[in-house]
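Novice: Please find one structure pasted underneath; my questions will follow.
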Amino acid sequence: MDSTHRVRRRIAATVCAAALVLPLAACDALTPGSATAVPGPTSVPSSTAVPDGDVTLRLQFADAPLMVDALIAAFEKDHPDIDVEPQYKTFSDYVQNLKLTMTSDTAPDIAQYAVGMTDLAADGHILDLAPYREAYGWDKAIPPVSLDQLTAGQTSEATGGRALFGVPAGLSMTGIYYNKELAAKAGIDAPPRTLDEFEQQLAAAKDADLTPLGVGALDSGGLHLWAALLNQLMPTDEYWDWVNGKKGATIENPAAVEASEVMVEWGRKGYYNESANGTAQVDSTAQFAKGDSVFLINGNWAAGQLATVMGDNVGFFPMPGEQAGSPTVASGFSVSYAVSAKTEHPQAAGAFLDFLTSPEAGQIISDNGFMPPNPDAVKKPTGVLADIAAGHRRAVADDGITTFPDFAAPAMLDRLRSGVQKLIADRVEPADYLDSLQDEWEEHHGE
């Protein structure tokens, strides 16, 4: 598609959007929970004291249900008057409905921070936690760099410092799990040092009549694989420019084309599990745990489950680079939680967030495969958890933790997921796939 066509299409979309906005504006101003019903960012109260009486907090989230259940149980033991009700959603459903969820009159008290929270923060639908940052001393328990990811680029009206719209419960990264016994059957005795060596290992698994790579592409697994390849082939600064919406940035570049071509080629060679596009990430993890594939693309949030089922038979490595010794680059973000502006119990919500920074919570977080914000406060991990911790340390040292590509625009997730599914099925040209992503990017970031 030529640039003239794309510009015309974007102009047409803008005109249509403007035509729709005018008649809706008056109604929007009267709609409870709408953006115009809340004037701007609001903050938690200065007091952290939880009022007397029983309190129920509803917590909606999309990642690590086992970890969340354990955190809630430990918190409720320390705070018997506070009941936390977990509301788990699949990641795709959670992100797609986040704005509607948080602007409704039935918004949960606490919600996992995700794409779209920046706009919700600007419109006042989640609370600025900066007063609690000072009152609880979170800067001592959490690396400031982890908190700085959650400022939404705003200054706190309450404190005059940087705003804060979430608290991390654990740091994440994606990579490759491997079944050691199956790998040995394929003649694989060590994690690959380069991307080319990993491809050779996939071929060896195929030759051994094994399924090389488990991918749960029905939701996010295929996206994680594409991003992992992109991380190795596209310069990190160029990737950040695109995700952050820097003027002139583009995903239509040779590195992204190559990453997409690799996705197609691996599908043609039969490296993916059967029905990868119809398999959810949680199901691909369960299948891998049963021995259905040699490798699995997933994040560290699956480590607790895999360690429990597979014990010492499972290992983990970040996707390797083009050269041995290349910087370790992997997608990752903190699993963090925000507080709704609709909550009637901000102090109780603050107490839960503060509990996430404690050594007790840190150990639960570590046991479930996430990196606690303060790793010195927990026992040294073993097995696959140690593999993940080592990989994360290398990525941090190499300044190689990149955010997920769907952060490039609120509606990017659908384009990414459906496009990657087409790459896996060999039903789209890489250039056309990237063109669709750039169209979405320009619609959000264009002037």
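Novice: Divide by every residue of the chain the summed helix terms, -39500 (n - 2.57) for each DSSP H run of at least 4, and state the resulting mean residue ellipticity at 222 nm, rounded to the nearest 500 deg cm²/dmol.
Specialist: Working: 20 runs with 211 residues, N = 447.
Mean residue ellipticity, 222 nm, calculated: -14000 deg cm²/dmol.
Novice: Of the beta bridges DSSP finds with both residues in the chain, what % are antiparallel, to the nearest 5?
Specialist: Working: 19 of 35 bridges.
Antiparallel bridges make up about 55 percent of those DSSP assigns within the chain.
Novice: Is the shape of segment 33-176 rounded, prolate or oblate, going by the alpha carbon gyration tensor and its root eigenvalues a ≥ b ≥ c, with a/c under 1.5 for rounded and a/b larger than b/c for prolate? Don't skip to the end; give the middle numbers.
Specialist: Working: a/c = 1.18, a/b = 1.08, b/c = 1.09.
Judged from the Cα gyration tensor, segment 33-176 comes out rounded (a/c under 1.5).
Novice: Please give the charge dipole size of the chain, origin at the Cα centre, charges +1 on K and R Cβ atoms and -1 on D and E Cβ atoms. Round to the nearest 20 debye.
Specialist: On the way: 29 positive and 60 negative charges, 55 e Å.
Taking the Cα centre of the chain as origin, the dipole is about 260 debye.
Novice: With a 1.4 Å probe and all protein chains left in place, how much of the accessible area of segment 124-180 comes from carbon and sulfur atoms, in whole percent?
Specialist: On the way: 940 of 1920 Å².
Carbon-and-sulfur percentage of accessible area, whole number: 49.
Novice: Turning to a different aspect of this structure: Quickly rank 242-249, 294-301, 107-114 as a protection proxy: mean count of other C-beta atoms within 10 Å, highest first. Please list the in-between numbers first.
Specialist: Numbers: 242-249: 14.1, 294-301: 27.4, 107-114: 24.4.
By packing density, highest mean first, the sequence is 294-301, 107-114, 242-249.
Novice: Something else now. Looking at segment 324-447, what % of the alpha carbon pairs are farther apart than 18 Å? Don't jump to the answer; show the numbers that get you there.
Specialist: Details: 5270 of 7626 pairs.
Distances greater than 18 Å cover 69 percent of the Cα pairs.
Novice: Sticking with this one: Defining a contact as two alpha carbons under 8 Å apart and six or more residues distant in sequence, what relative contact order in percent does the chain show?
Specialist: Numbers: 803 pairs, mean separation 102.0, N = 447.
Across the chain, relative contact order equals 23 percent.
Novice: Take the Cβ-Cβ distance between Asp52 and Asn97 as r, set R0 to 41 Å, and report the resulting FRET efficiency rounded to the nearest 0.05. Present the calculation step by step, with values, prior to reporting the outcome.
Specialist: Working: r = 35 Å, r/R0 = 0.84.
Given R0 = 41 Å and the Cβ-Cβ separation, E is 0.75.
Novice: Next question. For segment 248-348, what number results from the quotient of the Cα radius of gyration and 2.2 N^0.38 Å? Walk me through the numbers before you get to the answer.
Specialist: Values: Rg = 18.7 Å, N = 101, 2.2 N^0.38 = 12.7 Å.
Segment 248-348 yields a ratio of 1.47.
Novice: For Asp196 and Thr155, what does the FRET efficiency come to when R0 = 60 Å and r is the distance between their Cβ atoms, rounded to the nearest 0.05? Could you put the intermediate results ahead of the total?
Specialist: Values: r = 47 Å, r/R0 = 0.79.
Rounded to the nearest 0.05, the efficiency is 0.80.
Novice: For segment 84-150, take the alpha-carbon Rg, divide it by the Kirkwood Rh, and send me Rg/Rh.
Specialist: Numbers: Rg = 13.4 Å, Rh = 13.5 Å.
Radius of gyration over Kirkwood radius for segment 84-150 works out to 1.00.
Novice: In Å, what Kirkwood hydrodynamic radius results for segment 298-371 from the alpha-carbon pair distances? Let's see the in-between values first.
Specialist: Working: mean 1/r = 0.0651 Å⁻¹.
One over the average 1/r among Cα pairs gives 15.4 Å for segment 298-371.
Novice: How large are Rg and Dmax for segment 218-257 when only the alpha carbon atoms are used, in Å?
Specialist: 10.7, 32
Novice: To continue, here is another question. Taking only the Cα atoms of segment 190-329, how large is their convex hull per residue, in Å³?
Specialist: In segment 190-329, the Cα hull volume divided by residue count equals 117 Å³.
Novice: Then there is this: When a/c reaches 1.5 or more, the comparison of a/b and b/c decides; with that in mind, is the chain rounded, prolate or oblate per its Cα gyration tensor?
Specialist: Numbers: a/c = 1.95, a/b = 1.21, b/c = 1.61.
Note, shape of the chain comes out oblate.
Novice: Report the gain in length on full extension from Asp237 to Glu76: 0.36 nm times residue separation, minus Cα-Cα distance, nm rounded to one decimal. The partial results should precede the final answer.
Specialist: Numbers: separation 161, 0.36 × 161 = 57.96 nm, distance 4.30 nm.
Once the chain is fully extended between Asp237 and Glu76, it gains 53.7 nm.
The values are calculated or read from the model by the stated rules, or taken from the named source; none is laboratory data. On a predicted model such as this, the values are computed, not experimentally measured, just so you know. Cβ coordinates were reconstructed from backbone atoms using ideal geometry, including for glycine residues, and neighbour counts include every protein chain displayed. Surface areas here come from the heavy atoms of the whole protein model, side chains and all, with no ligands, DNA or RNA. Shrake-Rupley method; radii C 1.70, N 1.55, O 1.52, S 1.80 Å.
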